[in-house]
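Encoded as structure tokens, here's the structure I'll be asking about.
The values are calculated or read from the model by the stated rules, or taken from the named source; none is laboratory data. What you see is a predicted model; the values in this text were computed from it and never measured. Note: ideal-geometry Cβ built from the backbone for every residue, glycine included; neighbour counts use all protein chains shown.
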Amino acid sequence: MPTIATSLPLVALVCLLSGQVAGQLSPNADSTYVQLRNVALQPQGIAVDKITLKRDAATFQLNSGTICFVGPVRDKVTGAVFTGEGRLLLNPPLTSERVSLSFLTREKEYSESFDQLVLRFTDRTYEEIKAAGKPGGAACDPSLLRNSEKAARKELRYNMDARILQDVFSSEPGGLFVAFVHGKHYDGKTLFVIDPHGAPMVEPEEIKLETYNENKTGIWAAFSLLLGVRQRNRIQRAKEWRHPYRPSETGHRNREERTPDRKSHYCVGCTRSRCAGGAIRTLSGFARIQRDRTKRRTTEFRPGR
């Protein structure tokens with residue numbers, strides 16, 4: 001059996017190789033990611049006077065105060081800190097969510113006043129506030145930004161910088177909007193999130209409202225975007241499949257036909273006499289007719305919704 005003395009060189013070799021591999025990986029070596037993790041507030045603030053940010057079912061009213069933006073990363077500003085008087089209004093589109101929210105708040109509507117607000121975003125929040133604000137505001141407390149970063153990492157266990165990095169590298173405009181709300185009515189640690197990729201912990205829902213206080217932790221509301229990507233796709237599919245005269249890929253017009261079961265169908269790729277092995281879609285769903293050229297027969301299948 002090998003002794004401890006003979007095993008020590010092997011252990012030392014394994015540790016040495018592991019250290020070299022770990023050094024080669026360097027998880028935080030990307031320069032853009034490092035910039036996002038170390039963003040700082042710009043010294044000059046913007047005076048705010050009755051600015052309203054409408055974000056889906058939420059409305060942020062910045063009545064008075066000062067807002068300071070973080071420095072740009074790859075020419076994109078991804079955060080801001082607000083101090084002053086503001087209010088958050090939330091009206092979920094689903095009745096069940098509204099009832100649940102009123103049960104938690106014991107009020108008919110969710111209305112939270114705040115005096116501090118930290119925003120992280122990849123949408124057009126910077127352009128909206130910059131256009132509506134006035135120069136000459138006082139400097140903001142940088143500790144508010146650092147506290148929100150610490151809360152995201154330690155309390156929420158969420159790598160927000162990595163999520164923002166996706167939209168910073170993307171050539172298309174992002175839709176991320178995260179608000180750390182220092183509420184004065186319900187809770188001082190309130191988080192509102194809009195993420196088209198799915199809000200953390202409630203995917204595939206894109207919107208959530210939660211509190212992360214040690215004594216009051218939980219999700220207050222979660223729902224989809226009012227006109228989210230999935231809903232827009234669903235509406236577009238419904239329009240395409242129920243339009244009787246949409247030109248098909250084969251150049252024929254889609255024509256409404258009646259089959260022997262006396263149901264009205266829409267035929268894609270139809271001729272005047274028959275359906276040319278295309279797709280038949282009913283008003284109650286759709287079925288695709290796929291022609292087997294070898295056996296000269298048709299097979300029907302109905303994919304699940």
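Condition check: touching a His at 6+ places or on another chain (Cβ under 8 Å) and either free of Cβ contacts under 8 Å to residues at least 24 places away in the same chain or over 22 Å from C68 (Cα atoms) (or both). Does S111 satisfy that?
Numbers: touching a His at 6+ places or on another chain (Cβ under 8 Å): yes; either free of Cβ contacts under 8 Å to residues at least 24 places away in the same chain or over 22 Å from C68 (Cα atoms) (or both): yes.
Criteria met by S111.
Which one is farthest from K189 (Cα to Cα) among residues in the range 137-178 that are of a type in the set (D, E) and surrounded by 13 or more Cβ atoms within 10 Å (Cβ to Cβ)?
If we filter the range 137-178 for residues that are of a type in the set (D, E), which is where we start, we get 141, 149, 155, 161, 167, 172.
Subset that is surrounded by 13 or more Cβ atoms within 10 Å (Cβ to Cβ): 141, 149, 155, 161, 167.
Details: D141: 17, E149: 13, E155: 11, D161: 20, D167: 26 Å.
Once the filter is applied, the top-ranked residue is D167.
Here's another thing I want to ask about it. Restricting attention to the range 150-168, report how many residues are over 17 Å from the mean Cα position of the chain (by Cα) and touching a residue at least 24 places away in the same chain (Cβ under 8 Å).
Adding up the residues that qualify gives 2.
Listed here are the residues, each with its yes/no results for (1) more than 25 Å from R153 (Cα to Cα); (2) modelled with pLDDT of 95 or more; (3) outside the structural domain of F82 (by TED's automatic domain parsing).
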{"residue": "L17", "(1), (2), (3)": "yes, no, yes"}
{"residue": "Q20", "(1), (2), (3)": "yes, no, yes"}
{"residue": "G23", "(1), (2), (3)": "no, no, yes"}
{"residue": "P43", "(1), (2), (3)": "yes, no, no"}
{"residue": "T52", "(1), (2), (3)": "yes, yes, no"}
{"residue": "D56", "(1), (2), (3)": "yes, no, no"}
{"residue": "T59", "(1), (2), (3)": "yes, yes, no"}
{"residue": "F69", "(1), (2), (3)": "no, yes, no"}
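Under 7 Å by Cβ, and 6 or more places apart or on different chains, what pairs join a residue from the range 187-201 that is touching a residue at least 40 places away in the same chain (Cβ under 8 Å) with one that is surrounded by fewer than 19 Cβ atoms within 10 Å (Cβ to Cβ) and part of a loop (DSSP other than H, G, I, E, B)?
P200/Y158
Kindly check whether there is at least one residue in the range 139-149 that is touching an Asp or Glu at 6+ places or on another chain (Cβ under 6 Å), at pLDDT below 95, assigned by TED's automatic domain parsing to the domain that holds T59 and part of a loop (DSSP other than H, G, I, E, B). Walk me through it before giving the result.
Restricting attention to the range 139-149, the residues satisfying the condition of being touching an Asp or Glu at 6+ places or on another chain (Cβ under 6 Å) are none.
Within the range 139-149, not a single residue is touching an Asp or Glu at 6+ places or on another chain (Cβ under 6 Å), at pLDDT below 95, assigned by TED's automatic domain parsing to the domain that holds T59 and part of a loop (DSSP other than H, G, I, E, B).
Being touching a strand residue (DSSP E or B) at 6+ places or on another chain (Cβ under 6 Å) and within 14 Å of R55 (Cβ to Cβ) is the filter here; which residues of the range 181-205 pass it?
V181, L191, F192, V193, I194, A199
Could you tell me which of the residues E249, E210, E257 is modelled with pLDDT of 90 or more, in contact with a strand residue (DSSP E or B) (Cβ under 9 Å, 6 or more places away or on another chain) and either of a type in the set (D, E, K, R) or farther than 30 Å from S143 by Cα (or both)? If you could, list the steps in order and put the result at the bottom.
Numbers: E249 fails: modelled with pLDDT of 90 or more; E257 fails: modelled with pLDDT of 90 or more.
It is E210.
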